[in-house]
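Data first, discussion second: the structure below is written as structure tokens.
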Amino acid sequence: MYDISELKAELFKALAHPMRIQILNALRGTERNVNELKELLGIEAANVSQQLAILRTKKMVKTRKEGNNVYYSVQDDAVFHLLDTTKTIFQNQLSGMKQFLGEASKVVLPLLTVTILELLNPFYVALELGVFEAELLVC
């Protein structure tokens, strides 16, 4: 018997492939067939079909047949809330990293600037050594 944690893990496994997330986003608010998804996402039809089969097995998408065409749509739009929340978490993490790098750059960049100046301008080193020694370096 599954507990809720195992059921949640199974849901996240269904979302664990970037192509499946792209497909779900492409189905946001509409239904599409394999050829439409193939064209929209630039993915081979066989790969689209394979990923749709996984999403269908996990009850993430449903189908509707019209003539020879099978149209796919999202079973429960709540999945978009989950995807949007995940995107927000990712953006928050990036923002935190950006803030950290900004703070770190205040300490590191002055050190790097001196090092770059030393590499790009040999006279910078000469000036640090003093006029007499600088004259020796120029000769």
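Here, each number is a calculation from the coordinates, and none is a lab measurement. In this text the structure is predicted, and so the values were computed from the model without any measurement. Here the Cβ is made from the backbone with ideal geometry for all residues, glycine too, and neighbour counts use every protein chain on show.
Compute the Rg to Rh ratio over the range 4-76 from the alpha carbon atoms, using the Kirkwood formula for Rh, and round to two decimal places.
We get a ratio of 0.98 for the range 4-76.
List the relative contact order of the range 4-76 as a percent without decimals, with contacts defined as Cα pairs under 8 Å and 6+ residues apart.
In percent, rounded to a whole number, it is 32.
Starting from the 7 Å offset along Cα-to-Cβ, what nm value, one decimal, do you get for the label separation of E6 and Q93?
2.7 nm
Got a sec? How would R32, R56 order by Cβ neighbour count within 10 Å, fewest to most?
The most exposed by this proxy come first: R56, R32.
Just subtract the alpha-carbon distance of D76 and R56 from 0.36 nm times their residue separation and send over the number in nm, one decimal.
Length gained, D76 through R56: 6.0 nm.
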